[in-house]
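Please read the structure below before turning to the comments.
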Amino acid sequence: LEKKGWLKRVGLQFHWKNNNYFNFEEFLEELKSSKRKMIKKERNFIQKTGIIIKRISGDDLNSFIWDQFYKFYLDTIDKKWGSAYLTRDFFSSISKRLNEKIVLIVARQDDKIIAGALNFIDQNCLYGRNWGSNVHIPFLHFEMCYYQAIEHAIDQGLKFVEAGAQGHHKVKRGYLAKPTYSYHYLPNTSFKSAVSNFINDEKKYIQENINYINITDNPFTLKKTKS
């Protein structure tokens, strides 16, 4: 694409790598003591609330569950002042066509679904995408979107969890900064030149940010910094 005149833009996401962990506890043992204690504290808090968390896939993804998740999706959009570009029919469509590639993590309290996190999977990776809840419970977001995703990846032998962009707090929970790439075709020469100058400057900033995060804020003990 670059040879054909497309511009290459570098981005940043936070990914977790499975170093052939046997279970979640083995993963925790490779973290710095402060991070390990923090994660255990957060998970213990959720356990004491009595919330039941389940990972749902395949034929267990029914209309009632999608109705609840769509409400969470809309609520999240409202809180972020965004636009609800996904419709309720979209979730029915992916449920019909991709149900074996979906892992929907749901939380129940008093027999009511209170939160959900939507993930997609392939042979090597779990991709975290949408999350929402109709209650505010400390650490529930971390449990649903990060710790449950890591546990599922370990259980299924997946090599990576891609938690998306934004959120430096992900680094404290075992995720590291990774570069991502996108390609863009701009037919207008002067506009292309301006954008090219911007993404070249942006690339330097992003690479510096990745280096800083993975060296200065690396959550793993010294022996893991090389990976």
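Decide, for the range 1-110, between rounded, prolate and oblate: order the square roots of the alpha carbon gyration tensor eigenvalues as a ≥ b ≥ c, take rounded if a/c falls under 1.5, and otherwise choose prolate if a/b is larger than b/c, else oblate. It is oblate, given that a/c is not under 1.5 and a/b is not larger than b/c.
Could you please put C145, C125 in sequence from largest to smallest accessible area, using a 1.4 Å probe? Please report the intermediate quantities before stating the final value.
On the way: C145 25, C125 5 Å².
Putting C145, C125 in descending order of accessible area: C145, C125.
Once you have a ≥ b ≥ c as the square roots of the Cα gyration tensor eigenvalues for the range 131-180, tell me rounded if a/c is under 1.5, and otherwise prolate or oblate according to whether a/b is larger than b/c. Walk me through the numbers before you get to the answer.
Numbers: a/c = 2.11, a/b = 1.28, b/c = 1.66.
Because a/c hits 1.5 or more and a/b fails to exceed b/c, the range 131-180 counts as oblate.
The fraction of Cα-Cα pairs per 5 angstrom bin, counted from 0 for the range 60-176, comes to 2, 11, 21, 24, 22, 15, 5, 0 percent, rounded to whole percents. Scanning the chain for chymotrypsin sites (Phe, Trp or Tyr not before Pro) in DSSP loops with at most 14 neighbouring Cβ atoms within 10 Å leaves 86-184 as the longest stretch between them. In the full protein context, the range 81-227 carries 57 Å² of accessible surface per residue, based on a 1.4 Å probe and ignoring ligands, DNA and RNA.
Restricting to bridges with both residues inside the chain, how much of the DSSP beta-bridge set is antiparallel, in percent to the nearest 5? Please list the in-between numbers first.
Working: 33 of 36 bridges.
Taking every DSSP beta bridge with both residues in the chain, the antiparallel ones total about 90 percent.
Based on Cβ point charges of +1 for Lys and Arg and -1 for Asp and Glu, what charge dipole magnitude is obtained for the chain about its Cα centre, in debye rounded to the nearest 20?
Numbers: 36 positive and 24 negative charges, 140 e Å.
In debye, rounded to 20, the chain gives about 680.
Working from Cα pairs under 8 Å separated by at least six residues, relative contact order for the range 1-131 is 21 percent. Starting from the range 1-101, pick out the trypsin sites (Lys or Arg not before Pro) whose DSSP state is loop and whose Cβ has at most 12 other Cβ atoms within 10 Å. Those satisfying the criteria are K3, K4, K80.
The values are calculated or read from the model by the stated rules, or taken from the named source; none is laboratory data. Since the structure is predicted, the reported quantities are computational estimates derived from the model, not experimental observations. Because the Cβ atoms are built from the backbone with ideal geometry, glycine has one as well, and the counts that use them run over all protein chains shown. In case anyone asks, the SASA skips ligands and DNA or RNA and just uses the protein heavy atoms, side chains included. Shrake-Rupley method; radii C 1.70, N 1.55, O 1.52, S 1.80 Å.
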